[in-house]
Amino acid sequence: QVQLQESGPGLVKPSETLSLTCAVSAYSISSTYYWGWIRQPPGQGLEWIGSIYHSGTAYYNPSLKSRVTMSVDTSKNQFSLKLSSVTVADTAVYYCARCVYGRHKVVQDYWGQGTLVTVSS
Amino acid sequence: QSVLTQPPSVSAAPGQKVTISCSGSNSNIGNNYVAWYQQLPGTAPKLLIYDNNERPSGIPDRFSGSKSGTSATLGITGLQTGDEADYYCGTWDSSLSAVVFGGGTKLTVL
């Protein structure tokens, strides 16, 4: 069964860059799936950040696109998220997930446990 | 505000049936498949329904999904206290070029 595990700093200062990594186990990241990030501010709903294919093709949420960079490291079977110029509004639990893309659909079928990132000075 | 609209909360007694609605538009639900996710307290979301009405392996048939026009519905029968969770609908929005979610519905099993 696919397993995903997020890692990275739990505290980031305003204006700095948030960096997270998602390690994938029991499945090759070079398969025919996309790999994505979703976040959830405390007490709020889900927000899609973006998805990336092992080739590097990526789709980003237009509302975050100017600040988001995703990358894939196939040698380590992991993928990463960078979110620049963070503010307190970026405080959230960040989830990584495996994504099924198809004609007229995108589905997150496996999720990591999530990691809380707090933006504070 | 979320692109997809869900009721903030629903409730029902154990053993009863409940439905959760998800309303959108032609650019999302109307022309794309809908998925539903269950988020138990303090845990990550879990895929419950995909392609409008398909259940992943291991999801009991007490959970069902349907879609009509620009709205989708999640149904849960034989409610159990363990079903208390937040439920989210999600789909692709062709105009926004983004995955969109509903605001979530909190299910209380009284």
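In summary, segment A:1-86 shows an alpha-carbon radius of gyration equal to 1.09 times the 2.2 N^0.38 Å reference for compact globular proteins. Using the structure shown, list the pairs from A:76/A:105; A:13/A:82; B:46/B:106; A:105/B:106 with a Cα-Cα distance above 21 Å, or answer none. Over 21 Å apart, Cα to Cα: A:76/A:105; A:105/B:106. The relative contact order of chain B, computed from alpha carbon pairs under 8 Å that lie at least 6 residues apart in sequence, is 38 percent. Given R0 = 35 Å, the distance between the Cβ atoms of residue A:13 and residue A:76 translates into a calculated FRET efficiency of 0.85.
Here the calculated FRET efficiency for residue A:116 and residue A:32, from their Cβ-Cβ distance with R0 = 22 Å, stands at 0.10, rounded to the nearest 0.05. The alpha carbons of the protein assembly as shown occupy a box of 48, 38, 35 Å along the principal axes, longest dimension given first.
Per-residue mean of foreign Cβ neighbours for A:56-65 is 2 (Cβ atoms of other chains, 10 Å radius). Can you work out D for segment B:20-90 in µm² s⁻¹ from Stokes-Einstein, where Rh is the Kirkwood radius over C-alpha pairs, the temperature is 10 °C and the viscosity is 1.306 mPa s? Using the Kirkwood radius from Cα pairs, D works out to 128 µm²/s.
For segment B:56-81, the residues whose backbone nitrogen is under 20 Å from a point 7 Å from the Cα of residue B:19, taken along Cα to Cβ, are B:61-80. As a calculated quantity, the FRET efficiency between residue B:26 and residue A:109 at R0 = 35 Å, using C-beta atoms, amounts to about 0.85.
We did not get these values from a lab; they are worked out from the coordinates using the rules stated. Remember, predicted model here, so these are calculated numbers, not experimental data. FYI the Cβ positions are ideal-geometry reconstructions off the backbone, even for glycines, and counts take in every protein chain you see.
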